[in-house]
Amino acid sequence: MNMTHYMSLLADNQPWNLIIFMAIPVIFAETITITEFIILFTKNLTAPLRSFNKVCSILAGLYFTGVFLYLFPTAFIPLSVNGEWHTWVDIVAVGFYLSGVLFLLPLALLDLDLIARKRSEEHKMKLHFLLISGFLVVAHIAMIFARHKQVENSVKLSSDFPTHGYKPINTRNVYKPVKRDYVIFV
C-alpha cells in the first residue's frame, strides 16, 4: 500500500520502530500531561508527583532530541535532496513530527533549570503546560497527515473495482457554472 514516509517508518521493523518513534514519545507526553493537570489542580508544586513530572519531562526532551538527531540527517535530508517525498502531505506529516523537538527540548531545558531561571514557579508551570500542549498539537497533526495517504488510497477507485459503468466525478469541473435549459419555480 502507498503510504507516507512517517507511516512506513512506523510499519517497518515491527514492533520496534513503532515503540521507538511513536509509543515512547507519546507515553511520555501523556504522562507529563496527566501529572501536569494533577499538579495544576492541586496547586502542590512540591509534591513527589512534581518531581516525577520533571524527570519525565527531562527524559522526554532528551529522548526526542535523540530521535530528531537520528531522523533529520538519515530521513528528512535525503528525502528532500533526492526529491523522494510522495506529496506535500508527506512533508507535513514528517515535518510536524520532527517539529516536536521545538517543544520537548525546551521542556527538558526548563526542568533542568537552564532556561527561565529568573521566572516565578507559576510562570514556569504555565510555560511547561504550553510546551507540552504544543508537542501534543504537532504530534497529532503529524499523525493525522500520516494517515491521509492511506485514507485517500482506500476511497479511490481502482481498475479492478467494479464501477458498473459509472465514471468517477471530475472534480476539476465542480465549480463550473452549469447551463440549464429549464427554470425552477419555487
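Sort out which residues of region 108-125 are surrounded by 13 or more Cβ atoms within 10 Å (Cβ to Cβ) and assigned to a helix (DSSP H, G or I), and write them in order of number. So that I can check it myself, show each step before the final result.
Restricting attention to region 108-125, the residues satisfying the condition of being surrounded by 13 or more Cβ atoms within 10 Å (Cβ to Cβ) are 108-112, 115-116, 119, 124-125.
Those that are surrounded by 13 or more Cβ atoms within 10 Å (Cβ to Cβ) and assigned to a helix (DSSP H, G or I): A108, L109, L110, D111, K124, M125.
Among the residues of region 9-22, those that are open to solvent by 30 Å² or more (accessible area, probe 1.4 Å) and either on the phi > 0 side of the Ramachandran plot or not charged (D, E, K, R) (or both) comprise L9, A11, N13, Q14, P15, W16, L18, I19, I20, M22.
Scanning region 101-157 for residues that are basic (K, R), modelled with pLDDT under 90 and more than 18 Å from I91 (Cα to Cα) turns up just one, K156. The C-beta contact set for region 112-128 (first residue closer than 19 Å to G61 by Cβ, second residue of a type in the set (D, E) and surrounded by 13 or more Cβ atoms within 10 Å (Cβ to Cβ), distance under 7 angstrom, 6+ apart or interchain) comprises H128/E36.
Helices (runs of 4 or more DSSP H) fully within region 23-107 that include at least 2 residues being open to solvent by less than 70 Å² (accessible area, probe 1.4 Å) and touching a helix residue (DSSP H, G or I) at 6+ places or on another chain (Cβ under 6 Å): 24-42, 48-71, 88-98.
The values are calculated or read from the model by the stated rules, or taken from the named source; none is laboratory data. Predicted, not measured: the structure shown is a model, and the values here were computed from it. Methodologically, a virtual Cβ is constructed for each residue, glycine included, from the backbone with ideal geometry; neighbour enumeration extends over all protein chains shown. Surface accessibility is based on the protein's heavy atoms, side chains included, excluding ligands, DNA and RNA. Shrake-Rupley method; radii C 1.70, N 1.55, O 1.52, S 1.80 Å.
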